[in-house]
Amino acid sequence: MSDSIKFTRRDFMKFGGAVGTAAGALGLTSSRLVAMEQDLGGKDYSPATGAERQAVPYTCMACNIEDGGVAYVENGRIVKLEGNMDHPNTRGKLCAKGNSGFLHVYDPDRIMTPLLRTGKRGEGKWKRISYDEATTLLASKLREVIDRADAEHKPEILNEIVFKYGRDRTGGAVGRFMHALGSNAVLNHTNICESSKKIGLEPTWGPDIESCDWANTKYILNFGSNVLETAYFMNPNAQRLVDGVVGNKAKLVSFDVRMSNTSGFADEAFFPYPGTDGAIALAMAHVIMNEGLHDADFISNWTNVSVKQLIDHLKPYTPEFAEEESGMSAKDIRRIAREFATTKPATTFSYRGPCKHVWGSYQEAAINMLNVITGNVEKKGGYCLPRGMGWPQPQPEPPKGKTASLIAAPPLYPLASHHVSTHAPYMIKKGEAKVSVWMHYYDNPVYTYPSSHVWKEMLSDEKLIPFQVSFSPYMSETTELADLIIPDVTYLERHDPESMPGGLYPCLSIRQPVVKPLGGTQEFRQTLIDVIHKVDPDGSKGMKKYFAFNSVEDWMRAHFDAIPGLKEDGGWDFMKKKGVWPIYGEVDKVTAKIVDKNGNDVEPDYGLYTKEISASDMAGAEVDPDGTIKKDGQAIGVQVNGRNMVGFGTPSRRMELYKASYKKYGFNPLPVYKRLPSRDKKADELVLTTYKVNVHTQSRTASLKYLAELYHKNPAWINPKTAAARGLSDGDLIRVTSSLGYIVTRAHVTEGIHPDVVAISTACGHSAYGRLAQLKQREQAADYVQGGDADIANNVWWNDKGVHPNPIIRLAVDPIGGSQGWYDTVVTVSKAESGDKYGDTNASLEASMKDYEETLRYAYTGDIHRSKHQEVDIDWNSLPEPALPSGGH
Amino acid sequence: MPVGLQAEPSLGVPGKKRWAMVVDLRRCIGCMACVCADKAEYDVPLGVWRTIVKVKDTGHYPNTKRHFMPRLCNHCDNPPCVRNCPTEATYKHEDGFVLQRYERCIACRTCVAACPYNARHVLPKNRDRVKIGGVVDKCTFCNHRVEKGLQPACVQTCLGRSRIFGDLNDPNSEVSRLVARHKTVVLKPDKGTRPQVYYIKPDRAQTEQVFSAPHSYAARSDAEDFYRHNRGSKFFSGVL
Amino acid sequence: MFEYMEYNIAPWGQEIVIYFFLIGAAAMTFVYAAAPAVFGNVFGGVAKSMEPFQKIGLLVSLILLAICGPLLIMDLGQPSRFLYPILYFHWTSPLSWGSLFLPLFGLCIIGFYFGLVKGNQELMRVTGILGSLLALSMPLYTGLDLMVNQTRELWSNPTIPLLFVILSMSSGTAVVAVIQLVRGQLTAQAVEFLHAFLYLALAVTFALFLAEWVVLNYGTGEKQQAWEIINQQFGFKYWGMTFLIGILAPLVLVAMPKLGRDPRILTLAAVLSAVGAYSFREVLIYAGQLTQINF
Ligand SMILES: Nc1nc2c(c(=O)[nH]1)N[C@H]1C(S)=C(S)[C@@H](COP(=O)(O)OP(=O)(O)OC[C@H]3O[C@@H](n4cnc5c(=O)[nH]c(N)nc54)[C@H](O)[C@@H]3O)O[C@H]1N2
Ligand SMILES: Nc1nc2c(c(=O)[nH]1)N[C@H]1C(S)=C(S)[C@@H](COP(=O)(O)OP(=O)(O)OC[C@H]3O[C@@H](n4cnc5c(=O)[nH]c(N)nc54)[C@H](O)[C@@H]3O)O[C@H]1N2
Ligand code: SF4
Ligand code: SF4
Ligand code: SF4
Ligand code: SF4
Ligand code: SF4
Ligand SMILES: [Mo]
């Protein structure tokens, strides 16, 4: 910012209009010379009375980025949220959802008491019961299963206790609970989320995704991540991305099939054909390697491949080939590849766009490779490792269950370490797994899963799911189907330990009750304690000892009080006061960088993998011929040029571009491009894409009035040419038809989308989730909700709640990462037929069951897998047998 | 010298403050955090806004762009809304804020008609937390925060750090430096209102979008729903 | 994300249009009723022709005023604070002045009536002159209310107050003509008197209409936009109701020397001009607000 732009008084008058005399007095001597500027935050006052509002730190969970926040309380009510100035990655700022999150607490349709179903499942008839009655009932249902398992001496029966979560930020409480019960049947949602991103990446460098040094970079290639609206670490990333692009003059090149806010902001935006980012990335790598623009030292020292190997492997991926596949011109591919390789530092970022396709793992691996071959890994301004922090689990900790659960870890997906939860209803329907008690927590598959109607069908079936419990505080499409609801409290009323690699400064943070849970509601953590104490009242089942907490706060103390460094600062009490630890410094008022007391930048650590191993750690270690340093059979580092360094979180401690684990199952160990079936769609068909928007989170913010006011309907984006070819105009009622069925929605004709794509956002179109989400705000409130908010009852002016696309999205998973291919459904779009009403939805169960069989053919044992991987040099007749992971998941 | 103001324009007057905002349009990512922070800070009801961010797409596939234009009260140094107010319910503060005295306002909407930036609204009577209704309201530049040494709420949370706030009479403040170093524009300077929200580097599309009617069906149908909802209500006797 | 709008409503609706119209009619009705006392023998004593109208005119004026006051108060968001513009008088606000003058005007009507009943000439003269001035201030201030909006270009020109005064002359004439015709008291002298005023009013209105047309076509962007809005959204009201029916037709009628002095034709012309006076104001008030509705 210090390069002062020449300024003349004339210009100033011309553009500044009415500035007048102020200009004359401007001192332009030093950009660091700062006036007594206003404070950036950390306090708040009531506009009405001027009284200071009480500040309580917490961690945001309006989405899953887990930014640090401070809640302001006025007269016992949370009135305002703000970013925590002490949180080094949040830097005092919250996004739209974060700012609106307190509305969750005061949602008029929030469930305020446990409910027992009285009518038929899903009929909406409930009896209010107490938390005590509710936990007793759940405990008795669990105990029945446990007693049966014990009686029959079959520990596998314990896996009939199933726990499915969408978002688990309890810091291990869920696992502890299930393991204490002896069950391994814990299902997450990661395969509908981003799992193939991780599976494309983790075998190469260890857990989790990249953390880009946006603020210091000079060049960014963004593949299918909408970092200015969504993505992992939206808020911290977006802040630093703007710092980089505007402040540091970095170039942003963005790839998306439609104009997201990120692509609309980028210096250059490209619209590849869906699912072809991998081809583009490989072609760029081809250019970089063949033109000698690569970092040969980094490749030879820090990867498990050679330059020659890479050049050979990349031979078929010419820019011309990628142009053919993606539609991006070979000329542009060459140009961007050269720019990327020659501008330093540079980084890529990618999220769900490339990886949420069948074989998405390859696409992610190809993008990752661009950073590796250009030596941008862990550089200032480059592509850095995630920086998370852990906390100890309270002891004793229960061991995992004795037998692995089939639905929790489907054996046909051995590489999918984040599992394949989409398959559960199909497996259960086919009798492959039995369920006695199904619990769902922070999970709404009847809305958020592909072919969501299949989940509805399964969860409605009392034969398949005899007893079903929801912990949701809101009556979601899934919670509606429960037999028992034990409502959790909102994230502003409960305890959680947190750490997210949301930036380059690792830190811990907490959630704590900003206000006492409203109306006598009880936090989930307490419910878990109560249930275990009721399942095992005398401790004879050996479960109670794992939940020997006097209070949930004690449980928190057990996480934090013993952490070195934090302990000295005050442990849990420090966390309660500050919300985050460590505190790196403060946010500079002008640069927004983290600075110390003297105003000097607090630089994050770079080059983590080059950290030297101390002599004492080296004692007793051996160095393999390839340089891997091993101690007690464990790789602890790697020797490069005579230096002993910690390296990466892989077996070889190098970046494993060559993934032996892939090859074992007949997948290509190096990144490749596989042409998807959707690439061969018929000319009159389109590829359906769904996306998230900046002001909504998944299925759960449609009831927040500020966000619903900003965004409440989701017409289908369609290119003008595509629309014209179908005789459609902007706003027309249309049918979007896949092989599963159709939805009736409206067309939003826009230049900002690939002509072969139709895009529908996922945030709207609820059939449950309270009155506002369904635009029934004028109806009578149910007797179990908290009610209130005359604003919603009277002032909602919009009249369109959108149409949800998930029922027509086909199940199709990546055989490597196990990730749902959200963007692979082929559809036709046509004018609505007579009699069609906006919102009509029709999806076939049988067709979805067929999709399940079809997608299994891509799994490593399937015929399609084999025919698509002819190039992999293994003995196809002796692939490993599908096996459950031993000792749980 | 403008007449009918309770405080003289303070821009450039030594010893006085002139609070102002600079909106760096290069940095606005349309995240809408400002809109929500503002709604929360004041319990702003649905259907009225103290601040908004307009959105406009331009270009033809594949060369398209998206433009954002945050908008709020300009805290004009020569505010037309103030002079016409029959009760001095709206007044000019000596540091530049243009403020409302709810207890005086009769909701004659003269000030609404006078403001060329549509920065004012009538508060509906049905609200959630704050019970003040049936009077005119507007952005206050968060004077209750600013006077306590804080940034306005929308600035505080601005993800892109697109909104910058400070004293334009202080040559060392960031707003002064930004205004000095960049070409800035104010909205409708020809109206003589002397707006104190300065925009850095607006595209033509951005300045045009503030004048344009909704174009897409999605936006138009929302506008229609909005007018339908308000039709027949007290402050809306069928003009639209 | 779609284009996102802040949705605005035009702050002034039907109540304001009706109020502007009625207050103008009330004012001019009073002026007619007070004319014999105010003008007496000037202009050859034509004003005297209004003597039979005085009582009923005052009553009508008072009734109109009695409708106007509450109508305006009802239109406020805070009706109970209707005295605030006087209590917290703001001298640069036409509305403050208007709120002050309105009750004073009412007092004058009552005072004049009192004088009339009691035969107190002096009281009638004082309240008549004062009342007429205040009456003039009524349409004047409503016009100023618009004119002082420097930022609304359709309004921000000095012809608006003048126009509103002139328009109220038309509507006042209509009130007198209709009443006197019904009562069978539209004497030749009265016709002459009304004819002169109506002719003048229509001629000036016609001139102002043309001036407005030129200004809007040759004006700034906002003026041109106003012209577009007028033609698109208010085409019938502007060209049909205002121009053809409200200005041109009555003007032609009164311009014909014989016909124009036929009591019935004159009354018809006056009524038509009142229709025009209403719709002219309506179009101006609405269109003036709509130029900025999407801003
Ligand atoms: N505002 C908001 N932020 C969130 C969330 C939220 O719900 N709301 N959720 C959080 C979670 S759980 C997740 S997983 C992340 C998801 O974050 P993102 O991955 O950034 O967001 P998505 O909208 O899921 O998908 C990203 C983009 O991929 C594009 N796309 C589709 N197909 C292709 C393709 O073949 N190639 C390319 N290049 N692009 C393609 C879509 O148009 C879309 O814009 O966001 C997190 N942050
Ligand atoms: N079409 C389409 N579908 C998608 C996506 C997409 O891009 N397109 N994105 C996918 C992605 S990335 C993800 S991560 C998934 C997310 O999908 P899910 O994992 O189902 O998560 P959510 O929709 O965030 O919320 C689940 C439920 O949690 C409950 N809940 C809310 N607050 C609380 C609370 O405080 N406590 C408790 N106990 N429960 C609460 C509510 O019932 C809510 O419905 O959606 C996926 N679905
Ligand atoms: S991105 Fe927004 S909603 Fe998500 S954690 Fe951060 S502030 Fe909260
Ligand atoms: S923007 Fe409008 S409301 Fe704000 S000070 Fe200027 S004229 Fe008044
Ligand atoms: S609405 Fe209120 S603030 Fe506006 S002019 Fe009337 S009295 Fe003044
Ligand atoms: S300055 Fe304050 S009142 Fe004005 S828009 Fe920003 S947050 Fe709202
Ligand atoms: S918070 Fe800042 S970046 Fe976000 S929309 Fe508002 S002005 Fe733009
Ligand atoms: Mo996700």
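The values are calculated or read from the model by the stated rules, or taken from the named source; none is laboratory data. None of the values given here were measured: they were computed from a predicted structure. Cβ sites come from the backbone with ideal geometry, for glycine too, and all protein chains shown count toward neighbours. These accessible areas exclude ligands, DNA and RNA; they are computed on the full protein's heavy atoms, side chains included. Shrake-Rupley method; radii C 1.70, N 1.55, O 1.52, S 1.80 Å.
For the reader, a short list of remarks on this structure follows.
- Scope the range A:673-703; condition buried (at least 22 other Cβ atoms within 10 Å of the Cβ) and within 24 Å of A:His754 (Cα to Cα); matching residues: A:Tyr673, A:Leu676, A:Ser678, A:Leu686, A:Val687, A:Leu688, A:Thr689, A:Tyr691, A:Val693, A:Asn694, A:Val695, A:His696
- Considering residues of the range B:182-194 that are in contact with a strand residue (DSSP E or B) (Cβ under 9 Å, 6 or more places away or on another chain) and not β-branched (Val, Ile, Thr) only, the residue farthest from B:Asn169 (Cα to Cα): B:Leu187
- The C-beta contact set for the range A:652-666 (first residue closer than 23 Å to A:Thr610 by Cβ, second residue of a type in the set (Gly, Ala, Ser), distance under 6 angstrom, 6+ apart or interchain) comprises A:Arg653/A:Ala635; A:Arg653/A:Gly637; A:Arg653/A:Gly647.
- When the helices (runs of 4 or more DSSP H) confined to the range A:191-279 are screened for residues that are farther than 25 Å from A:Val587 by Cβ and more than 16 Å from ligand 4 (Cβ to nearest atom), those reaching at least 1 such residues are found at A:195-205, A:261-265.
- Test: residue in the range C:133-144 that is more than 20 Å from C:Glu282 (Cα to Cα) and crowded, with 20+ Cβ neighbours inside 10 Å: yes
- Near pairs, Cβ below 7 angstrom, 6+ apart or cross-chain, from the range C:97-108 (within 14 Å of chain B (Cβ to nearest Cβ)) to any residue that is part of a helix (DSSP H, G or I) and open to solvent by 50 Å² or more (accessible area, probe 1.4 Å): C:Ser99/C:Ile86; C:Leu100/C:Ile86
- Unique residue being more than 14 Å from chain B (Cβ to nearest Cβ) and open to solvent by less than 10 Å² (accessible area, probe 1.4 Å) when the list is A:Ile146, A:Ile129: A:Ile146
- Where B:Lys148 falls short, out of the listed (1) more than 28 Å from A:Met85 (Cα to Cα); (2) free of Cβ contacts under 8 Å to residues at least 60 places away in the same chain: (1)
- Hey, B:Cys105 within 14 Å of chain C (Cβ to nearest Cβ), more than 28 Å from A:Lys80 (Cα to Cα) and free of Cβ contacts under 8 Å to residues at least 60 places away in the same chain or not: no
- Residue satisfying all of: in the range B:36-68; open to solvent by less than 20 Å² (accessible area, probe 1.4 Å) and part of a strand (DSSP E or B); nearest to ligand 4 (Cβ to nearest atom) among these: B:Ile52
- B:Met1 vs. criteria at pLDDT 95 or above and more than 10 Å from every other protein chain (Cβ to nearest Cβ): no
- B:Ala33 fulfils the conditions (1) open to solvent by 10 Å² or more (accessible area, probe 1.4 Å); (2) more than 14 Å from the chain's Cα centre (by Cα); (3) within 12 Å of ligand 7 (Cβ to nearest atom); (4) closer than 30 Å to A:Val796 by Cβ except for a single criterion, (1).
- Boolean, B:Val155 is in contact with a strand residue (DSSP E or B) (Cβ under 6 Å, 6 or more places away or on another chain) and more than 16 Å from ligand 2 (Cβ to nearest atom): yes
- When every residue of the range A:307-317 is checked against the conditions, none turns out to be within 24 Å of the chain's Cα centre (by Cα) and not aromatic (Phe, Trp, Tyr).
- Options B:Val136, B:Val146; residue that is more than 16 Å from ligand 7 (Cβ to nearest atom), open to solvent by less than 10 Å² (accessible area, probe 1.4 Å) and within 24 Å of A:Gly69 (Cα to Cα): B:Val146
- Residue pairs meeting the criteria (Cβ under 7 Å; at least 6 apart or on separate chains; first more than 7 Å from chain A (Cβ to nearest Cβ), in the range B:180-192; second crowded, with 21+ Cβ neighbours inside 10 Å): B:Leu187/B:Asn74; B:Leu187/B:Tyr117; B:Leu187/B:Pro195; B:Lys188/B:Pro116; B:Lys191/B:Pro116; B:Lys191/C:Thr151
- In the range A:155-175, the residue that is nearest to the other protein chains (Cβ to nearest Cβ) out of those that are away from ligand 8 (no atom under 16 Å from the Cβ) and of a type in the set (Asp, Glu) is A:Glu160.
- Enumeration of residues in the range A:733-790 that are free of Cβ contacts under 8 Å to residues at least 24 places away in the same chain and within 13 Å of chain B (Cβ to nearest Cβ): A:Gln777, A:Arg778, A:Ala790
- Qualifying positions in the range A:593-630 - open to solvent by less than 50 Å² (accessible area, probe 1.4 Å), out of contact with any helix residue (DSSP H, G or I) (no Cβ under 9 Å at 6 or more places or on another chain) and part of a strand (DSSP E or B): A:Ile594, A:Val595, A:Thr628
- Flag if A:Ser417 is buried (at least 24 other Cβ atoms within 10 Å of the Cβ), away from chain C (no Cβ under 14 Å) and either of a type in the set (A, V, I, L, M) or more than 16 Å from ligand 3 (Cβ to nearest atom) (or both): no
- Within the range A:168-198, considering residues that are within 16 Å of ligand 3 (Cβ to nearest atom) and of a type in the set (D, E, K, R), the one surrounded by the most Cβ atoms within 10 Å (Cβ to Cβ): A:Glu194
- Selection count where residues are more than 8 Å from chain B (Cβ to nearest Cβ) and open to solvent by 10 Å² or more (accessible area, probe 1.4 Å), scope the range A:704-719: 1
- For beta carbons closer than 9 Å, sequence separation of 6+ or different chains, a first residue in the range A:343-357 that is within 9 Å of A:Ser196 (Cα to Cα) and a second that is among the β-branched types (Val, Ile, Thr) and within 16 Å of ligand 3 (Cβ to nearest atom), the qualifying pairs are A:Arg352/A:Thr230.
- Some residue of the range B:113-126 being more than 9 Å from chain C (Cβ to nearest Cβ), surrounded by fewer than 22 Cβ atoms within 10 Å (Cβ to Cβ) and assigned to a strand (DSSP E or B): no
- Qualifying residue in the range B:69-92 (condition: crowded, with 19+ Cβ neighbours inside 10 Å, farther than 30 Å from B:Ala219 by Cα, within 16 Å of ligand 6 (Cβ to nearest atom) and of a type in the set (S, T, N, Q)): yes
- Screening B:Leu99 against (1) outside any helix (DSSP H, G or I); (2) buried (at least 24 other Cβ atoms within 10 Å of the Cβ) leaves a single unmet condition, (2).
- Criterion applied to A:Met259, A:Met234, A:Met178 was being under 22 Å from A:Asp536 (Cα atoms) and either within 14 Å of another protein chain (Cβ to nearest Cβ) or more than 16 Å from ligand 8 (Cβ to nearest atom) (or both), and the one residue passing it is A:Met178.
- Options A:Leu241, A:Leu201, A:Leu221; residue that is open to solvent by less than 20 Å² (accessible area, probe 1.4 Å), away from ligand 7 (no atom under 16 Å from the Cβ) and in the same structural domain as A:Thr262 (by TED's automatic domain parsing): A:Leu221
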